[in-house]
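The values are calculated or read from the model by the stated rules, or taken from the named source; none is laboratory data. Keep in mind the model is a prediction, meaning the values are calculated, not measured. Note that we place each Cβ from the backbone using ideal geometry, even for glycine, and neighbour counts take in every protein chain shown. Accessible surface is based on the protein model in full, side chains and every heavy atom, while ligands, DNA and RNA are left aside. Shrake-Rupley method; radii C 1.70, N 1.55, O 1.52, S 1.80 Å.
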Amino acid sequence: MTHRRQTMRKTLLITLVALTLFGCNKKNIFEEERSFEGDKWNRFTPEVFEIDINNTEKYYNIFVEVAVDTGRYRYTSLPLTVNLYSPNSERRMFYAEVPLTENGRPKGEMAEGYRVSSKRIRNYFSFNSKGKHRMEIGQATSQYDLEGVHRITLRIEDAPIEIE
């Protein structure tokens, strides 16, 4: 084997290793969806997700995706309440909003008759303890039964480290 060929192989191997280690910085650690019977989400029935966290030294991005029937859900966004309960009884609460329009136009894609829109609701979020966390996501409108909401998906990804 020639020296040039060996050098090319080493370069290719180093490139593949680097891509594997650094190119895959978006890793889902959790993804779960919930559908609503009759496309109605009751205000007093939050969706509960259980997330097992093994690393408290990492940061995560948290996303919520919603699918709505635009014929029944005519609002420009979906306001949410988010309560996070840790294994050591800590509670964190925040509000989030998933926009369904942008500059007056529908946001997201149509899929199976529903408008699907996603929003990162927390950047570089850290969990303070290891173990099972419970995240409760509720709709924060004045409607008792919010019509037109087909499903909600919670996704948590490793937050990529950005070096400038």
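Worth a mention:
- Scope segment 94-115; condition among the polar types (S, T, N, Q) and assigned to a loop (DSSP other than H, G, I, E, B); matching residues: Asn103
- Any hit, segment 85-105, residues being charged (D, E, K, R), under 19 Å from the mean Cα position of the chain (by Cα) and closer than 19 Å to Ser142 by Cβ: yes
- Residue in segment 96-104 that is among the hydroxyl-bearing types (Ser, Thr, Tyr) and out of contact with any strand residue (DSSP E or B) (no Cβ under 6 Å at 6 or more places or on another chain) present: yes
- Within segment 14-42, considering residues that are outside any helix (DSSP H, G or I), at pLDDT below 95 and of a type outside the set (A, V, I, L, M, F, W, C), the one surrounded by the most Cβ atoms within 10 Å (Cβ to Cβ): Asn25
- Condition check for Val68: over 23 Å from Gly131 (Cβ atoms) and buried (at least 17 other Cβ atoms within 10 Å of the Cβ): yes
- Residue match in segment 151-163 (condition: in contact with a strand residue (DSSP E or B) (Cβ under 8 Å, 6 or more places away or on another chain) and open to solvent by 80 Å² or more (accessible area, probe 1.4 Å)): no
- Top-ranked residue of segment 127-154 - restricted to ones that are among the basic types (Lys, Arg) and closer than 21 Å to Pro87 by Cβ, ranked as nearest to the chain's Cα centre (by Cα): Arg134
- Meets criteria (of a type outside the set (D, E, K, R) and free of Cβ contacts under 8 Å to residues at least 40 places away in the same chain) for Asn61: no
- Cβ-Cβ distances below 7 Å connect the following pairs, each with a first residue in segment 27-41 that is closer than 27 Å to Phe127 by Cα, a second residue that is among the basic types (Lys, Arg), and a separation of six or more residues or different chains: Asn28/Arg155; Phe30/Arg155; Glu31/Arg155; Glu33/Arg151; Arg34/Arg151; Ser35/Arg151.
- Restricting attention to segment 116-146 and to residues that are of a type in the set (Val, Ile, Thr) and part of a strand (DSSP E or B), the residue that is least open to solvent (accessible area, probe 1.4 Å) turns out to be Ile137.
- Test for Glu112: is it closer than 20 Å to Asp39 by Cα, touching an Asp or Glu at 6+ places or on another chain (Cβ under 8 Å) and open to solvent by 50 Å² or more (accessible area, probe 1.4 Å): no
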